[in-house]
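One structure is given below, encoded as structure tokens.
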Amino acid sequence: MQILSEIKAALLATLVTGIIVCGVYPLVVWIIGFTLFPWQSEGSLVRRSDGTVAGSALLGQAFTDPRYFHSRPSSAGPAGYDAASSSGSNLGPTSKTLIDQVQERVAQYRVVNGLPADILIPADAVTASGSGLDRHISPRNAELQAPRVARARGLSEARMNELIQRHMEGPDLVVLGEPGVNVLLLNLALDSQEPSAN
């Protein structure tokens, strides 16, 4: 009979633990998150002025129009920036495929931005991030793209540089990584500009 009593105690402990861990704890965390951090708990969604969702401030997107700053390359999914397929290319530094890709991207970056052959291209402009969803580009990458975007939009380069500085984000936790420019937020800010604002 003692074995039945121990089985009953074990089942009861499992049930109580399951209720706490699978029900009470997630509910408490959800309530705290939704109450104290509503924007973050809903995915840090960025909305346009008309209320439509433009994306998440935490995830990058592909931009190809000359009127926009372009994100870094992505290997997440066939078209890139597929959040359901987040990953890097898994190509190592000695991979011929990677070397060919980078050389092709450097040439394309120079053509798209009208850059001479002696300008060094930032690494983030021609290599994908580990997640394939990086929301940032380096300040140098943004600086090199600014003249193209300014011409396409009829804005001054001074205005472009001001917008770049405004959308610069520091390293994570102050010390992890390098400063970067949030491409989605910068491009949305560009959409709100008028040529007369330069």
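Remarks
- Residue, surrounded by the fewest Cβ atoms within 10 Å (Cβ to Cβ), within the range 180-195, restricted to residues that are modelled with pLDDT under 90 and either within 19 Å of the chain's Cα centre (by Cα) or assigned to a helix (DSSP H, G or I) (or both): Pro195
- For Ala152, the conditions (1) in a helix (DSSP H, G or I); (2) surrounded by 14 or more Cβ atoms within 10 Å (Cβ to Cβ); (3) touching a residue at least 60 places away in the same chain (Cβ under 8 Å); (4) hydrophobic (A, V, I, L, M, F, W, C) all hold with the exception of (2).
- Scanning the range 46-96 for residues that are part of a strand (DSSP E or B) and surrounded by 13 or more Cβ atoms within 10 Å (Cβ to Cβ) yields Val46, Ala54, Gly55, Ser56.
- Residue check for Asn161: in the same structural domain as Ala76 (by TED's automatic domain parsing) and in contact with a strand residue (DSSP E or B) (Cβ under 9 Å, 6 or more places away or on another chain): no
- Filter result for Phe34 (surrounded by 12 or more Cβ atoms within 10 Å (Cβ to Cβ) and touching a residue at least 40 places away in the same chain (Cβ under 8 Å)): no
- Considering residues of the range 65-96 that are modelled with pLDDT of 90 or more and more than 14 Å from the chain's Cα centre (by Cα) only, the residue nearest to Pro139 (Cα to Cα): Tyr68
- Every pair of residues 6+ apart whose Cβ atoms lie under 6 Å, when the first sits in the range 59-76 and is more than 15 Å from Asn113 (Cβ to Cβ) while the second is of a type in the set (A, V, I, L, M) and assigned to a loop (DSSP other than H, G, I, E, B): Leu59/Leu133; Gly60/Leu133; Ser74/Ala128; Ser75/Ala128; Ala76/Leu133
- The set of residues in the range 114-139 being in a loop (DSSP other than H, G, I, E, B) and in contact (Cβ under 8 Å) with a residue 40 or more places away in the chain consists of Val126, Thr127, Ala128, Ser129, Gly130, Ser131, Gly132, Leu133, Asp134, Arg135, Ser138.
The values are calculated or read from the model by the stated rules, or taken from the named source; none is laboratory data. Just so it is clear, the structure is predicted and the values come from calculations on it, not from any experiment. With ideal geometry, Cβ positions are generated from the backbone for all residues, glycine too; neighbour counts draw on all protein chains shown.
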